[in-house]
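Encoded as structure tokens, the structure appears first; notes follow it.
The values are calculated or read from the model by the stated rules, or taken from the named source; none is laboratory data. What you are looking at is a predicted structure, and each value in this text was computed from that prediction instead of being measured. When we count neighbours, we look across all protein chains shown, and the Cβ atoms used for this are built from the backbone with ideal geometry, even at glycine. In case anyone asks, the SASA skips ligands and DNA or RNA and just uses the protein heavy atoms, side chains included. Shrake-Rupley method; radii C 1.70, N 1.55, O 1.52, S 1.80 Å.
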Amino acid sequence: MAIEKDVLDQLLAGRDPKDVFSKDGLVDELKKALSERILNTELDEHLDAENADGKSNQRNGYSKKSILTATSKVTLAVPRDRAGTFDPQLIAKYQRRFPEFDEKIISMYARGMSVREIRGHLEELYGIDVSSDLISAVTDAVLDEVAEWQNRPLDASYPLVFFDALRVKIRDEGFVRNKAVYIALGVLPDGTKDILGLWIEQTEGAKFWLRVMNELKSRGIGDILIAVVDGLKGFLEAINAVYPQTVVQTCIVHLIRHSLDLAAWKDRKTVAQALKTIYRAIDASAGQAAMDAFADGPWGTKYPAIAQSWRRNWNLIIPFFAFPEAVRRIIYTTNAIEALNSKLRRAVRTRGHFPTDDAATKLLYLSLNRAAAEWKRPPREWSEAKTQFATMFNERFVNS
């Protein structure tokens with residue numbers, strides 16, 4: 001509802017415009033006045049209800065209560081009743097913060113700000129002195145959400161699931177160790193994306209991946225048509241044990257990136273063009289011939305480790321050639337997982353290292369949530385790819 005101009009003029013009369021949004025300025029005064037008005041209305045309704053039930057109750061003065069809002073600390077006059085049965089909904093008896101305050105802290109934490117930085121930000125901008133323990137308590141509440149999210153039911157089938165990892169530094173038993181954060185990003189039959197989970201592990205292997213696959217199965221996933229991975233140790237054996245029909249495909253983008261890391265900077269663009277003849281070949285035989293030609297050519301001779309890398313991974317590259325062009329584009333253009341990892345790396349980079357696994361989990365979960373909120377529609381390639389999936393996998397795709 002719009003505020004009348006003359007009302008605004010009355011509110012601003014005699015005030016320095018610079019002070020309107022400052023600490024204890026007009027905005028804070030309005031928050032205080034509105035909150036107290038709501039609390040008094042709540043008490044009136046409470047007393048009316050009790051009197052209607054034949055109970056004798058009435059007002060009994062006020063008590064002072066300091067509340068943290070998103071931008072200030074406000075002292076409210078909270079009305080009391082004589083019977084002590086009034087429990088305000090706006091500010092519960094033991095509540096010391098408006099929900100917006102917690103949301104602001106969580107938002108800053110999700111953007112990679114440390115507890116110290118959040119404290120400094122609140123002090124500098126709003127003049128609020130908040131303890132590190134309070135900030136930690138607010139962000140620790142996210143762990144309950146994480147547990148619920150990590151155990152939520154999933155869809156019965158996913159045409160595509162990308163499994164990827166990034167490294168983070170976490171303090172463990174007095175030492176800062178490099179631990180891997182594994183992320184599973186699923187693509188549903190309608191092309192929409194779904195983050196299936198995240199797992200922090202110091203070492204990977206068949207046992208770890210078998211645990212992950214069994215967890216996904218217990219949460220409802222009955223079938224994965226194609227799993228796209230990047231050389232994850234023990235993954236192939238684990239997924240074949242739980243999802244024997246799943247096609248496992250190495251991530252072409254990661255393989256290209258690894259290849260270019262083996263080349264001098266000035267040669268990378270030309271090497272990338274030469275590699276296109278391999279992964280854009282019409283079928284596996286043509287791809288094999290293109291790889292042999294690359295290995296024997298000038299770039300393969302100059303950088304023999306590149307061809308060796310492709311040959312080591314050839315069994316996981318071959319499935320790629322069996323897919324139609326529309327499906328290949330979806331697998332090759334891993335924009336979703338790449339964009340996701342880019343956001344996570346930005347958030348992690350500001351931290352240096354994390355004190356615990358839980359601290360890393362909180363930040364990564366919040367960053368994932370922010371990224372997922374930006375997803376609006378399936379990729380434009382999906383419409384054609386969906387038809388190809390239905391043709392290739394028949395009822396396995398239809399039933400999903």
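Taking the criterion of being assigned to a helix (DSSP H, G or I) and over 17 Å from Cys251 (Cβ atoms), the residues of the range 156-211 that qualify are Ala206, Lys207, Phe208, Leu210, Arg211. Applying the set (1) among the hydroxyl-bearing types (Ser, Thr, Tyr); (2) open to solvent by less than 10 Å² (accessible area, probe 1.4 Å); (3) in contact with a Phe, Trp or Tyr (Cβ under 8 Å, 6 or more places away or on another chain) to Tyr332 leaves exactly one unmet item: (2).
A quick yes/no check of all residues on (1) more than 24 Å from Arg329 (Cα to Cα); (2) in contact (Cβ under 8 Å) with a residue 12 or more places away in the chain; (3) not small (Gly, Ala, Ser):
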site: Asn214; (1), (2), (3): yes, yes, yes
site: Leu232; (1), (2), (3): no, yes, yes
site: Thr250; (1), (2), (3): no, yes, yes
site: Ser259; (1), (2), (3): no, yes, no
site: Trp265; (1), (2), (3): yes, no, yes
site: Tyr279; (1), (2), (3): no, yes, yes
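A Cβ distance below 7 Å, combined with a sequence gap of six or more or placement on separate chains, defines the contacts here; from the range 96-117, residues that are open to solvent by 70 Å² or more (accessible area, probe 1.4 Å) reach residues that are modelled with pLDDT under 75 and β-branched (Val, Ile, Thr) in the pairs Arg96/Ile67; Glu100/Thr69.
Please enumerate the residues belonging to the range 228-283 that are of a type in the set (Gly, Ala, Ser) and within 32 Å of the chain's Cα centre (by Cα). Scanning the range 228-283 gives Gly231, Gly234, Ala238, Ala241, Ser259, Ala272.
Considering Glu201, Glu237, the condition of being without any contact (Cβ under 8 Å) to a residue 24 or more places away in the chain and on the phi < 0 side of the Ramachandran plot is satisfied by Glu201 alone. Contact annotation: residue pairs with Cβ atoms under 7 Å, 6 or more positions apart or on different chains, pairing a residue in the range 78-90 that is at negative phi and at pLDDT 85 or above with a partner that is open to solvent by 50 Å² or more (accessible area, probe 1.4 Å) and part of a loop (DSSP other than H, G, I, E, B), are Asp81/Gln58; Arg82/Gln58. Thr361 meets the conditions (1) closer than 30 Å to Ile170 by Cα; (2) in contact with a Ser or Thr (Cβ under 7 Å, 6 or more places away or on another chain); (3) among the β-branched types (Val, Ile, Thr) in every case but one. The failed one is (2).
Each row is one residue, and each column tells you yes or no for (1) open to solvent by less than 40 Å² (accessible area, probe 1.4 Å); (2) under 12 Å from the mean Cα position of the chain (by Cα).
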| position | (1), (2) |
| --- | --- |
| Glu338 | no, no |
| Ser342 | no, yes |
| Thr361 | yes, yes |
| Glu374 | no, yes |
| Arg377 | no, no |
| Met392 | no, no |
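Say whether the condition of being under 30 Å from Arg171 (Cβ atoms) and not in a helix (DSSP H, G or I) is met by at least one residue in the range 330-341. No, there is no match, as no residue in the range 330-341 is under 30 Å from Arg171 (Cβ atoms) and not in a helix (DSSP H, G or I). Of the residues making up the range 229-266, just one is among the basic types (Lys, Arg) and over 23 Å from Ala180 (Cα atoms), namely Lys266. Just wondering, is there one or more residues in the range 216-230 that are open to solvent by 20 Å² or more (accessible area, probe 1.4 Å) and touching a His at 6+ places or on another chain (Cβ under 9 Å)? Within the range 216-230, one or more residues are open to solvent by 20 Å² or more (accessible area, probe 1.4 Å) and touching a His at 6+ places or on another chain (Cβ under 9 Å).
All of Val253, Val271 fail the test of being out of contact with any Leu (no Cβ under 9 Å at 6 or more places or on another chain) and in a helix (DSSP H, G or I), apart from Val253. Among the residues of the range 141-198, the ones that are small (Gly, Ala, Ser), surrounded by 15 or more Cβ atoms within 10 Å (Cβ to Cβ) and in contact (Cβ under 8 Å) with a residue 40 or more places away in the chain come to 4 in all.
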